[in-house]
1. Could you work out the local net charge near Leu89, counting Lys and Arg as +1, Asp and Glu as -1, over the other residues with Cβ closer than 9 Å to its Cβ?
2. Could you sort 224-233, 302-311 so that the peptide with the highest average Cβ count within 10 Å comes first and the rest follow in order?
3. To the nearest 0.05, how large is the calculated FRET efficiency for Arg164 and Ala272 if R₀ is 30 Å and r is the Cβ-Cβ distance?
4. Across segment 110-120, in residue order, what do the Karplus-derived ³J(HN,Hα) couplings come to in whole Hz, using 6.51 cos²θ - 1.76 cosθ + 1.60 with θ = phi - 60° and x for Gly and Pro?
5. What is the set of long-range amide H partners of Val305 at a cut-off below 5 Å, with H atoms built 1.01 Å from backbone N?
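Every number in this text was worked out from the coordinates using simple rules, so none of it is lab data. These numbers were taken from a predicted model, which means no experiment stands behind them. Using ideal geometry, Cβ is built from the backbone for each residue, glycine included, and neighbour counts are taken over all protein chains shown.
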Amino acid sequence: MRPFYLPKYLLSDVSRISVRSVSGGSPGGFVFQRRTGLNAQAVTIEFADVITTPPAAVGTGKSSRPTVRGVPATVVTGSSRGIGKAIALRFADDGYDVAVNYRSSEDAAERVADEIRDRGQEAIVVGADVSDSDAAARLVDAAADAFGGIDHVVNNAGIDQHVRTEDLEPDDFDRIMDVNVNSAFNVTKAALPYLRESADEPSVTKVSSILAHTGAAIECHYASSKGALLSLTRSHASDFAPEIRVNAVAPGHVETDMTSDRTPDEKREELAAIPVDRYGRPEDIAEAVAYLRDATFVTGETLNVNGGERMG
Ligand SMILES: NC(=O)c1ccc[n+]([C@@H]2O[C@H](COP(=O)([O-])OP(=O)(O)OC[C@H]3O[C@@H](n4cnc5c(N)ncnc54)[C@H](OP(=O)(O)O)[C@@H]3O)[C@@H](O)[C@H]2O)c1
C-alpha cells in the first residue's frame, strides 16, 4: 500500500472526515467515515501507512485535497500531444494521478506517462477512440480500476479540418462532431458514477475554442462542434449540480500540431489579431484548466484564453 498522506488539518476537521474509532496498540489503525459523496465509505488506515507531511508524490502544486485512497485522479482525453499533454503534466505537477489517452500516438502517450511518473504520480496509458462510446467506457473503467476512482475529467480530444461548406462531405461533418462533441458526452457519461463518488470536489472541463464564438468560414463543422461543447457544458453544469462542477475553456490560437500548417503569411496575419503579440502555449491552457478545477464557486462558465483576440 502506498503511504496515505493525511494533512494535519484533516485530523481535526470533522466536517471532512470523522474518526469513528481509533484502535490503540501496534499495529493500530484509524477508521474513517467519509461524509461527502452519496455513499458513505469506511476506510481503515494502518498507522504505519499514515504520514502527515506531503510526500514528493503529492507535488508542490495546488492539490491538498487527498481522497481516501490518498491521491486524486483525473482522465485527460487526447493527452498524447499538444494541449492535452500540457494538461496531463499540469495535473501531475498539482498532485494528481493521470489516465493518458490517445487514439493513434501510442509512443508519444507512453512518453507523457513517463513524464508523469518522473513527477512522482501514477499514470496509465489507454488507447481509445473516445468518439466510440464503448471505447470511452473502457478508458474510464481502466482509470477507475487503476486509481480507485476518478475525481476530474478533461474532455480535450479534438480534430479539425479546413474546408469550405461547398466541398465539405457529410461524413466529414459527422466525424468532427463525433470526435469533438460525442466524445465529451461519452466520456463524461461513463465517468459520472465515479465523479459522484469523489471526495475531491469533482469537476469536468471541456476544451472548446474561440471559434465557438466567432464561427469559421473554412471550418464550419469544427466551429459548430466547439459551440455545441459550450451548450453541453452549461447543460451538464445544471444536470450534475451540486456535486460536480462543469466548465469550459475556449483557447485562441495555440502552438501545437493542430496549428503547425500555417504559412508565414498566415502566421503574420493571425499574430496581428492577437493583442499580446504571441501565440498561446499549451501550458497557458493547462493553467486555465487547473484554475477551473480548483475554482469551487465557478460552474457552467467558459474561460476565454486567447491573448485578447476576442475580448468579453
Ligand atoms: N491548437 C489550437 O490552437 C486550439 C485552439 C482552440 C481549441 N483547441 C482544442 O484543443 C484540443 C487539443 O488540441 P491540440 O491543438 O492539442 O491538438 P493536437 O496537437 O492535434 O492533439 C490532439 C490530441 O487529441 C487526440 N485525439 C484526436 N482524436 C481522438 C480520438 N478520436 N480519441 C482519442 N484521442 C483523440 C490526439 O491523439 P493522437 O496523438 O493519438 O492522434 C492528440 O492527443 C482540441 O479539442 C482542439 O480542438 C486547440
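1. Numbers: positive: Lys85, Arg90, Arg119; negative: Asp93, Glu115, Glu283.
Neighbour charge sum, excluding Leu89 itself: 0.
2. So the order, starting with the most tightly packed, is 224-233, 302-311.
3. Rounded to the nearest 0.05, the efficiency is 0.85.
4. Once θ is set to phi - 60°, the couplings for segment 110-120 become 5, 5, 4, 4, 4, 5, 5, 5, 4, 8, x Hz.
5. Amide H neighbours of Val305: Ala250, Gly252.
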